[in-house]
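To keep things clear, I will list the structure first and then write my remarks on it.
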Amino acid sequence: MIRIDRAARDPRELLDPENWISCNWGGDALRDCRGCEDCSDTPVEKAGRCYGSREIEDSRYGVSVCRDEDALVDYLAHTGADMDDAVLIELEGDWSDDEGHDAHIGEELILPTRIVSVRPVTDEFIERVFARHDEIGA
């Protein structure tokens, strides 16, 4: 499984369960809190509180990845990403029970257990993303 990330970020952060929260890029997707601690006596959420607004950020449990490099190229061609000063991180892990926000275009969520490799994003990789972007007309 593979993902793109900032080169400045320590990839070991991905192995820490405290960081296994996936949110939409931009972080503005909201959903009904379904009775968080501030709205009822029964806490239901893994993370987040609505403070009475009845909406919380739509976060999912897991680290965002794609199955392989081809799937990541396809995903990035659909979504775009800042590939300047970025790295590709290959991970091993268990599948999360949650579904990624962009599951319909190849995003998957895992609970990573090991970093297999970290390598820079190459010009060839970027060219593949742009070629795929042109191909699908995104």
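The values are calculated or read from the model by the stated rules, or taken from the named source; none is laboratory data. Note that this is a predicted model, so its numbers are computed, not measured. Positions of Cβ are backbone-derived with ideal geometry, glycine not excepted, and every protein chain shown enters the neighbour counts.
For the range 102-117, a residue qualifies if it is surrounded by 14 or more Cβ atoms within 10 Å (Cβ to Cβ) and under 17 Å from D5 (Cα atoms), and the qualifying residues are D102, G106, E107, E108, L109, I110, L111, P112, I115. Are any residues in the range 71-116 under 20 Å from W20 (Cβ atoms) and either among the polar types (S, T, N, Q) or not assigned by TED's automatic domain parsing to the domain that holds R12 (or both), and if so, which ones? Those that are under 20 Å from W20 (Cβ atoms) and either among the polar types (S, T, N, Q) or not assigned by TED's automatic domain parsing to the domain that holds R12 (or both): S96, T113.
In this structure, is V65 at pLDDT 95 or above and within 20 Å of A8 (Cβ to Cβ)? Yes; evaluated as a whole, the condition is true for this residue. Checked across the range 62-80, the condition of being surrounded by 13 or more Cβ atoms within 10 Å (Cβ to Cβ), free of Cβ contacts under 8 Å to residues at least 24 places away in the same chain and closer than 23 Å to R128 by Cβ holds for at least one residue.
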